[in-house]
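Presented below is the structure to which this report refers.
The values are calculated or read from the model by the stated rules, or taken from the named source; none is laboratory data. Small disclaimer: the values here were computed from a predicted structure and weren't measured. Neighbour counts run over all protein chains shown; Cβ positions are idealised from the backbone, glycine included. Just so you know, the surface numbers come from the protein's heavy atoms only, side chains and all, with ligands and any DNA or RNA stripped out. Shrake-Rupley method; radii C 1.70, N 1.55, O 1.52, S 1.80 Å.
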Amino acid sequence: MNKSIPVSCDTPQKQTPWLNVNEAIERMTAAVKKIQDTEVVAIRDALNRVLAKKVISSINVPPYANSAMDGYAFNSADLPESGENTVTMIGKSFAGIPFEGEAKSGECVRIMTGAPMANGTDTVIMQEQVKVDGDAITIQSGHCKNENVRHIGEDIKDGDTVLNIGQQLTPAELGVLASLGIAEVCVYKKIRVAFFSTGDELRNVDEALEEGQIYDSNRYTIFGMLSNLGVELIDMGIIPDDREAVEKAFIQASEQADAIMTSGGVSVGEADFVKETLDKLGKVDFWKIAMKPGKPLAFGFVNNAVFFGLPGNPVSVMATFYQFALPTLKTMMGLNITKPTVIKVACKTDLRKAPGRTDFQRGIMQTNEQGELVVESIGMQASHVLSGMSKANCFIILPQDSGNVSAGALVDVQPFRGLM
Ligand code: AMP
Ligand code: MG
């Protein structure tokens, strides 16, 4: 396992009664440190990875002044203030095949998008805006110097810091790196996350269900969320509610992984048995978080591995993963974390809510016929209704103290589906 992940977790108190959501996020993100190990990878392999060394450009982008349009390159001295002016085309500049000569006053050069500006020219007029008669090119008044010219270094200058440590490399960053002629980057190594489900009632998807059994869905949502995050996965399957099996699983996980994620077995009534094992192996606190869904949550360290004991109910798993595990794992991965986007949107439906906990209700946000963003509840909000999570595209976050919400009110919405 990676020794660079810290072993201390001294913030939470045992059996803290009700912790609010922001406090829990702060405690968890403060308790972990980012991975220190780095590796150099080809930029395609760096997709979604976290940059460990800043990138400074050693070239200008664009590297030379070039045309933003297909048209004709002129010297601005030839642009008429009124009426029109006719000049002679003396050559062509294509992208990759520049015009080698120099245009003098009274001359112009045929130029294509991306082609280098010909010597002696500083302005490009679109081909639709000139009259062409053989080599005689006529321009009207109304144009200005530097029109349609992309200047050297206007995107990135030689010496600019282009990407910073802690930045995630998305498709845009891969393109930026390529535009600088950079083939490899230094990224943080992937953190390893071991995960398993607990519960005697759980069966694998390829097994037949008997009376009193359900399929293990949490290991699939957790697999999906961790995969999207870009960590190395160690799927340890289903562990029965058996003291020895649980202890063995925790020891094995802590030897292999930087973080351990489980679901189930942390609620009151179940906690004692898991709690005893965890007390023996590390320092884990059992929290009641003032949120709905997802009240019970265990967090701390098992040996050297960071431990997330998510609740058992499938919607609670996803809600607590997004709100707590995500920023904490991102911190471990070396990512600069930012607060998730929350927007105010009018709610089309009444929402039932009791004061006391922050609700993360599942909603569908869309644009109505008037072009305005609106959100509505997916309907049944119980924490076992996982199909609601699939219908939803956002959480409707209702503050801890708020009560019922009437249709038409503005609510806080946190989208959880992106463009891709
Ligand atoms: P627990 O906290 O273990 O009592 O679990 C709370 C609820 O979540 C129970 O209804 C469990 O059956 C259910 N549950 C626990 N683990 C899973 C899982 N991996 N997949 C689906 N449901 C689960
Ligand atoms: Mg259970």
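Before moving on, here are some points about what is shown:
- Tally of residues being within 16 Å of ligand 2 (Cβ to nearest atom), in a strand (DSSP E or B) and within 32 Å of the chain's Cα centre (by Cα) across the stretch 213-234: 1
- The residue that is nearest to ligand 1 (Cβ to nearest atom), among those in the stretch 226-237 that are open to solvent by 40 Å² or more (accessible area, probe 1.4 Å) and either more than 11 Å from Lys190 (Cα to Cα) or of a type in the set (Gly, Ala, Ser) (or both), is Asp235.
- Glu210 being away from ligand 2 (no atom under 16 Å from the Cβ), over 32 Å from the mean Cα position of the chain (by Cα), more than 30 Å from Leu419 (Cβ to Cβ) and of a type in the set (D, E, K, R): yes
- Taking the numbered list (1) outside any strand (DSSP E or B); (2) β-branched (Val, Ile, Thr); (3) within 15 Å of ligand 2 (Cβ to nearest atom); (4) surrounded by 12 or more Cβ atoms within 10 Å (Cβ to Cβ) in turn, Thr262 passes all entries but (1).
- Contacts under 9 angstrom Cβ, first residue in the stretch 364-390 being closer than 16 Å to Gln414 by Cβ and within 16 Å of ligand 1 (Cβ to nearest atom), partner open to solvent by 30 Å² or more (accessible area, probe 1.4 Å) and polar (S, T, N, Q), 6 or more apart: Gly388/Gln381
- Selected residue (only one of Gly300, Gly312, Gly269 is in contact with a helix residue (DSSP H, G or I) (Cβ under 8 Å, 6 or more places away or on another chain) and either of a type in the set (Ser, Thr, Tyr) or within 11 Å of ligand 1 (Cβ to nearest atom) (or both)): Gly312
- Condition check for Asp279: surrounded by fewer than 20 Cβ atoms within 10 Å (Cβ to Cβ), more than 29 Å from the chain's Cα centre (by Cα) and either part of a strand (DSSP E or B) or away from ligand 2 (no atom under 15 Å from the Cβ) (or both): yes
- Output for the stretch 236-259, where each listed residue is under 15 Å from Phe195 (Cβ atoms), touching a helix residue (DSSP H, G or I) at 6+ places or on another chain (Cβ under 8 Å) and either within 12 Å of ligand 2 (Cβ to nearest atom) or not in a helix (DSSP H, G or I) (or both): Met236, Gly237, Ile238, Ile239, Val246, Asp258, Ala259
- Number of residues in the stretch 136-163 that are in a strand (DSSP E or B), within 30 Å of Arg49 (Cα to Cα) and open to solvent by less than 40 Å² (accessible area, probe 1.4 Å) equals 3.
- Complete set of residues in the stretch 189-212 that are assigned to a loop (DSSP other than H, G, I, E, B), open to solvent by less than 60 Å² (accessible area, probe 1.4 Å) and more than 18 Å from Phe250 (Cα to Cα): Asn204
- Residue match in the stretch 315-334 (condition: over 24 Å from the mean Cα position of the chain (by Cα) and within 30 Å of Pro355 (Cβ to Cβ)): no
- Residues of the stretch 296-312 that turn out to be touching a residue at least 40 places away in the same chain (Cβ under 8 Å), open to solvent by 10 Å² or more (accessible area, probe 1.4 Å) and farther than 14 Å from Phe195 by Cα, as a count: 2
- Count of residues meeting criterion [near ligand 1 (Cβ under 10 Å from one of its atoms), under 30 Å from Leu169 (Cα atoms) and not hydroxyl-bearing (Ser, Thr, Tyr)] in the stretch 196-225: 4
- Residue in the stretch 66-77 that is in contact (Cβ under 8 Å) with a residue 60 or more places away in the chain, in contact with a helix residue (DSSP H, G or I) (Cβ under 7 Å, 6 or more places away or on another chain) and under 27 Å from Leu180 (Cβ atoms) present: no
- Residue within the stretch 240-258 that is among the aromatic types (Phe, Trp, Tyr) and surrounded by fewer than 20 Cβ atoms within 10 Å (Cβ to Cβ) present: no
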